[in-house]
Amino acid sequence: MIKRVKTGIPGMDEILHGGIPERNIVLISGGPGTGKTIFSQQFIWNGLQMGEPGIYVALEEHPVQVKKNMEVFGWKVDDFEKEGKFAIVDAFTGGIGEYAEKEKYVVKDIDDVRELAEVLKRAIRETQAKRVVIDSVTTLYITKPAMARSIIFQLKRILSGLGCTSLLVSQVSVTEKGFGGPGVEHGVDGIIRLDLDEIDGELKRSLIVWKMRGTSHSMRRHPFEITDKGIVIHPSEGGEEK
């Protein structure tokens, strides 16, 4: 029996026929405003509620802002942070500023993937993390696309090797059909694509599981909404297979 990790996101585990297979590295891909970051933060928060420590790697936003954004949905991580069950790896400030001086896990050279890897390994070991989010992985290779495959495999070795189930946020443009580039798409175990489409003059959110190693899953597109408690997916509205 394959061990699964429950996302805890309403409707998602149903679509995945039970959850994400343990140690899978999953790309959360989509354009701006599709809900990628909320999906990832919800995954981490739900893990904390289930007794699974988590790490959030902040590459695009100040760690203080990350926590403020989570609090909007009632996801207050401060107590888990004090208990050593949750940590933010600061790969945003470059060690500059008052906040960074107090932080435990800071990546000084954001362009040095090896430094990020070392800080990440230390954070995972010290918190005994089971869930990791990197938001966004695109930042690591946006100026060097030829390195994408290598970077993904470096991260995969660390994350899977240390027993983590991980979400890598991948940014694509609104019109882009792919998921973040060939090196990325082939290097991960799963891809969940989030979309925001204009239908009859109204923006509608939906997602589809493009691939997921180790499990069957719904092959249909499913609508979802962002509520004040986070993302809620409607599996039945997508015509979920029985």
key: Odd one out for R149 among (1) touching a Pro at 6+ places or on another chain (Cβ under 7 Å); (2) modelled with pLDDT under 95; (3) basic (K, R)   = (1)
task = Would you be able to say whether some residue in region 29-37 is modelled with pLDDT under 95, over 12 Å from the mean Cα position of the chain (by Cα) and open to solvent by 40 Å² or more (accessible area, probe 1.4 Å)?
result = yes
query = Can we say D111 is open to solvent by 60 Å² or more (accessible area, probe 1.4 Å) and touching a Ser or Thr at 6+ places or on another chain (Cβ under 9 Å)?
reply = yes
key: Which numbered condition D111 misses (of (1) closer than 21 Å to S170 by Cβ; (2) over 17 Å from the mean Cα position of the chain (by Cα); (3) at pLDDT 95 or above)   = (3)
note = Flagged in region 144-164 as surrounded by 16 or more Cβ atoms within 10 Å (Cβ to Cβ), over 14 Å from the mean Cα position of the chain (by Cα), within 15 Å of A129 (Cα to Cα) and not aliphatic (A, V, I, L, M), in numbering order, are S160
key: Residues within region 114-138 that are within 21 Å of I28 (Cβ to Cβ) and surrounded by fewer than 19 Cβ atoms within 10 Å (Cβ to Cβ), tallied   = 1
key: Among the residues listed as G190, G181, G238, the single one being modelled with pLDDT of 95 or more and not hydroxyl-bearing (S, T, Y)   = G190
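The values are calculated or read from the model by the stated rules, or taken from the named source; none is laboratory data. Everything numeric here is computed off the predicted structure, so don't read it as measured data. With ideal geometry, Cβ positions are generated from the backbone for all residues, glycine too; neighbour counts draw on all protein chains shown. Only protein heavy atoms, including side chains, enter the accessible area calculation; ligands, DNA and RNA are left aside. Shrake-Rupley method; radii C 1.70, N 1.55, O 1.52, S 1.80 Å.
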